[in-house]
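Report on one structure; see the data block that follows.
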Amino acid sequence: MIKFGPGNLRVPKWTRPVYMVSAGMTDFRKKYPEKKLEELVLEAVKMCVEDPKLKKSAQEVRDMINFACYGEFADHFQDQLLCEAKVHDYLGLDPLFNVGIKTGGATGGSAILMGSSIVASGQANCCLVAGWERMDEVDTWTGNFYISTAACKDFETRLARIYASYYAPMARRFQQVYNLDEKVRAAVAVKNRGYACSSPFAQQPGKHTIEEVLEGPVVCDPLRMLECCAMSVGSAAVILCDEETAFKLSDNPVKVYIAGGSHTLRVSDRRDMEIPLLPNEDEHTYEKLYKDIKSSDGRWPGFESFLAARFAAYLTYQMAGIENPIEELDLVELHDAFTISDIQTYGDIGLTRYGEEPSYITSGDAYYGGKCPANLSGGLIGTMHAVGATGIFSAIEVMWQLQNRYDEFHGADEMWKKFGKTKPTDWKSLQVENAKKGLWVSHAGVGSHVTVGVLEKGW
Amino acid sequence: MSEEQVVKYTGEPAKVKEVNGAWVIDFPRAFTHHHTYGKLTPYFKGLTEGKLMATKCTNPKCNISKGNGEMWLPPRADCPDCYAAMEWIELKQPIVGTIYSYTEVKRGGTGVEIEVPYYQIDIKFENCCTIPKGYLCDSRDEPKIGAKVTPVFRTENPSHTSLDISWKSL
């Protein structure tokens, strides 16, 4: 769709507010032969229902659940159709109804969107949302091929059979049109891998330098190996409730707003269109940008931006009453599958204007201690991308920040021991002081589906 | 095998490896899917005959095309704006496109059928609303954004896939 009808732009209007009350997750590993998939999901759900801050016992919490939404990206990886049924049974939740949700890389975000809608509508008042992926049954390059079958198999998959080759031309184009220095891309990799050093859940923590990233092996030029996300095994889970149930369970639940957008599976099919405007933009904001795009024989969103992310932000900001994202949000968790897609998203969700995306990094706003830090969790590059769990993991990290519980889950010795790790002696807390509102993005390959969610302190 | 085992096991015993106390077995997979090109068959057939076929919407009632739409490449049989059947057109030779973006693929996923490294390109055409992907037929031919390219068709020993068209610099 390149022209919108009035109904197309309707802002979601839930019949009652939705809250996230507790969360759990496994650590994330490249290979996890010690545990079966359903055992990993149970571990995440167990942590969720056994949260010591909940006002009910684990059994009482389980007795309150009345619906389940499950996120899994690809049956290929699990090599098991209807994994949802197997997991649901393993969790002992039959005969409650459950649904599986699949929207590529945005699966986790979509599972929360659907769970929220289920609660908002009254279909349920206590909904479990769990996601997972087991990507270690095949080797990395077969894994890349499996993922590439989420591109168009008639016209794209046979080219390279790896998603890096679909993001790399975006990076090339962005670099040329918006004058992006490669060092800014590398800085995103260094930042997120660095923050992962504070997380016991993280798969790829590391103290790297910009030079190291840029001198590293190239996957698809210009993207280097260290700019790419992890391929992971693991699970994440949250509980969503209506207001009454939320406060029965918790003294500090967070309020949820979430919406989504979509755009062509093939980047090639993105036709020229006008930019849908966010509340802090007007018809004059992009006069110069349109001229620059024209002079470079470009188009919007072209290869530089994601309509799905812009559309999701357009809806969610109106639901949450956000008028100036960079001023009103205290932190964000973005879907940094690749450094470039992270950077592209800054403009889509209005952290910067379009065309000024690199300034979010170069200004220091995106760093811990900055105006609106991004991916303190370590993100997908540093911590995990067990695809179906990813959008749930990002939401959890935002929730823990708002509940002032970053240190409890990342800094406690027991958390490190639980995953067979030793807490680093130079461990650093990344708790954002007095955080009230945070955002997370869940994004599917080349922007085919994107959810934007906002969490705010509900107490 | 015990004498009670009357029903035969006909499989290939799974290879087993013990990792940190857990048994991990191999489960090999090899199947053939019978995939149809459906109404896009003229495109793939065209490639094997040295023709590049596109579609366009000619429905005067279409909100976007107004009866004279831009070309679609990859083609679509049906217009996404009005759901009318689109019309096939053959691009006139010599076909010239412009490189919109590119990447050098250093490593592909399992089963990749193009020898790496190679250049993958995105190509823009006059009067075409899409920017299809392709690859350069010569890996020594370094691409540039804005450079002109023309197609090379695999008419001999075609692969019957989208890889039957590649591109060379002009």
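The values are calculated or read from the model by the stated rules, or taken from the named source; none is laboratory data. This structure is a prediction, so every number in the text was calculated from the model and none was measured. Note that each Cβ is placed from the backbone with ideal geometry, even for glycine, and that neighbours are counted across all protein chains shown. Note: accessible area is taken over every heavy atom of the protein model, side chains too, but ligands, DNA and RNA are not part of it. Shrake-Rupley method; radii C 1.70, N 1.55, O 1.52, S 1.80 Å.
The label point for B:LYS8 and the one for A:THR209, both projected 7 Å from the Cα toward the Cβ, are 6.7 nm apart. Spin-label pair B:ASP26-B:LYS61: with each label point 7 Å from Cα along the Cα-Cβ axis, the two points sit 6.0 nm from one another. Highest mean first, the peptides A:230-239, A:397-406 sorted by other C-beta atoms within 10 Å per residue fall in the order A:230-239, A:397-406. Spin-label model, A:GLU281/A:VAL99: points 7 Å from Cα along the beta carbon direction are separated by 3.1 nm. With a cut-off of 14 Å on the backbone N, the residues of region A:207-237 near the modelled label site 7 Å out from A:ASP426 along Cα-Cβ are A:207-209.
Candidate cross-link partners of A:LYS207 among the lysines, defined by an alpha-carbon separation under 21 Å and a same-chain spacing of 8 or more, comprise A:LYS30, A:LYS183, A:LYS191, A:LYS421, A:LYS423, A:LYS428. Just the protein heavy atoms count here, and of the accessible area of region A:1-158 at 1.4 Å, carbon and sulfur take up 55 percent. Solvent exposure of region B:38-169 amounts to 48 Å² per residue of accessible area, where only protein heavy atoms count and the probe is 1.4 Å. Summing charges over all other residues whose Cβ lies under 11 Å from the Cβ of A:SER394, with Lys and Arg as +1 and Asp and Glu as -1, gives -3.
Residues whose amide H lies under 5 Å from that of B:TYR135, counting only those 5 or more places away or on a different chain, are B:ILE121, B:TRP167; hydrogens are built 1.01 Å from N in the peptide plane. When the Cα centres of region A:125-154 and region A:362-406 are compared, how far apart do they sit, in Å? If we compute the Cα centre of each part, the gap is 21 Å. For the peptides B:78-89, B:115-126, A:19-30, residues were scored by their other Cβ atoms within 10 Å and the scores averaged per peptide; the highest-first order is A:19-30, B:115-126, B:78-89. With θ taken as phi - 60° and the Karplus curve 6.51 cos²θ - 1.76 cosθ + 1.60 applied, the whole-hertz 3J(HN,Hα) list for region B:32-47 is 10, 9, 9, 9, 9, 8, x, 6, 8, 3, x, 5, 5, 5, x, 4 Hz, x standing for glycine and proline. Annotation for the A:B interface, with buried accessible surface near 4000 Å², both sides summed [1.4 Å probe; non-protein components not counted]. Backbone phi angles across region B:60-75, fed through the Karplus curve with coefficients 6.51, -1.76 and 1.60 (θ = phi - 60°), yield HN-Hα couplings of x, 7, 5, 4, 9, 7, 6, x, 9, x, 6, 6, 10, 9, x, x Hz in residue order; Gly and Pro are listed as x.
Each residue of region A:67-72 in order: what ³J(HN,Hα) in whole Hz does its phi give by Karplus 6.51 cos²θ - 1.76 cosθ + 1.60, θ = phi - 60°, with x for Gly and Pro? For region A:67-72, the Karplus curve yields 6, 9, 10, 10, x, 9 Hz. Can you tell me the FRET efficiency between B:THR155 and B:ALA85 if r is taken as the Cβ-Cβ distance and R0 is 30 Å, rounded to the nearest 0.05? The value I calculate is 0.60. Scaled against 2.2 N^0.38 Å for its residue count N, the alpha carbon radius of gyration of region A:216-300 is 1.80.
Taking a ≥ b ≥ c as the square roots of the Cα gyration tensor eigenvalues, region B:38-169 comes out prolate, since a/c reaches at least 1.5 and a/b is larger than b/c. Its relative contact order, with pairs defined as Cα atoms under 8 Å and 6+ residues apart, puts chain A at 25 percent.
Annotation: for a label point projected 7 angstrom from Cα along Cα→Cβ of A:GLU50, residues of region A:76-102 with backbone N closer than 17 Å are A:91-92. Measuring between their Cα centroids, region A:310-356 and region B:83-126 lie 31 Å from each other. Between A:LYS371 and A:ASP292, the contour length at 0.36 nm per residue exceeds the alpha carbon distance by 25.6 nm. In this structure, the pairs whose alpha-carbon distance is over 32 Å, taken from A:LYS294/B:LYS168; A:LYS3/A:LYS436; A:LYS102/A:LYS288; A:LYS153/A:LYS418; A:LYS36/A:LYS102, are A:LYS3/A:LYS436; A:LYS102/A:LYS288; A:LYS153/A:LYS418. Relative contact order for chain B: 18 percent, from Cα pairs under 8 Å spaced at least 6 residues apart, divided by residue count. How would you classify region A:147-195 from its alpha-carbon gyration tensor, with a ≥ b ≥ c the square roots of the eigenvalues: rounded for a/c under 1.5, else prolate if a/b is greater than b/c, otherwise oblate? Here region A:147-195 falls in the oblate category. Within the shell defined by Cβ-Cβ distances under 13 Å, the residues around B:GLN93 carry a net charge of 0, with Lys and Arg each +1 and Asp and Glu each -1. Treating r as the C-beta distance of A:GLU244 and A:LYS417 and R0 as 41 Å, the FRET efficiency rounds to 0.65. Look at the Cα gyration tensor of region A:101-155: its axes a ≥ b ≥ c give a/c of at least 1.5 with a/b at or below b/c, and that counts as oblate. Peptides A:184-192, A:409-417 ordered by packing proxy, namely the average of other Cβ atoms within 10 Å per residue, highest first: A:184-192, A:409-417. With all protein chains present, how much of the accessible area of chain B (probe radius 1.4 Å) comes from carbon and sulfur, to the nearest whole percent? In chain B, the share of accessible area belonging to carbon and sulfur is 51 percent. Can you work out the FRET efficiency for the pair A:LYS13 and B:VAL16, with r the C-beta to C-beta distance and R0 = 45 Å, to the nearest 0.05? Working from the Cβ atoms, E equals 0.20.
Taking a sphere under 11 Å around the Cβ of A:LYS55 and counting the other residues whose Cβ falls inside, with K and R at +1 and D and E at -1, yields a net charge of 0. Using a probe of 1.4 angstrom and keeping all protein chains present, the accessible surface of chain A works out to 34 square angstrom per residue.
Solvent-accessible surface of protein heavy atoms, probed at 1.4 angstrom with all chains present, puts A:GLU333, A:GLU211 in the order A:GLU211, A:GLU333, largest first. The mean count of C-beta atoms from other chains within 10 Å of the C-beta of residues in B:112-122, rounded to a whole number, is 4. Listed by chain and number, the aspartates and glutamates whose C-alpha is less than 13 Å from the C-alpha of B:LYS39, apart from same-chain residues fewer than 8 away, are A:ASP154, B:ASP78, B:GLU87.
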